Amino acid sequence: MLSAMAPHGREMSQGLRKKIINLHKKGEGYRKISKALLISHNTVAKLIQKLNKAGTATISQRRPGSPRKLTLNRNIF
């Protein structure tokens with residue numbers, strides 16, 4: 001059986017977030033939303049929990065990784 005779920009760690013599109021929120025506001029459960037949109041029910045649950053806690057479902061956290069050590073204006077020879 002092939003899965004239509006997005007790969008682990010891929011950022012969710014704004015349109016998909018809006019669909020999840022709209023279905024949740026209509027009273028749909030996590031599992032019903034996940035089956036309708038072909039995504040993990042954990043993904044739906046985390047998004048809804050973030051919405052309820054922070055009041056927004058947008059991503060505002062920094063990306064992982066080390067900051068650049070050199071600026072673009074600096075020439076290296």
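Values quoted throughout were computed directly from the atomic coordinates according to the rules given, and no laboratory measurement underlies them. Predicted model only: the values in this text are computed from it and were never measured. Glycine also receives a Cβ, built like all others from the backbone with ideal geometry; neighbour counts cover every protein chain displayed.
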Just how many pairs of Lys in the stretch 14-54 have C-alpha atoms closer than 15 Å, counting pairs that are eight or more places apart or on different chains? 8
Let me know the Kirkwood hydrodynamic radius for the stretch 14-54, please, with Cα pairs as the basis and the value in Å to one decimal. 9.9 Å
Cβ charges +1 (Lys, Arg) and -1 (Asp, Glu), total dipole of the stretch 14-54, debye: 60 debye
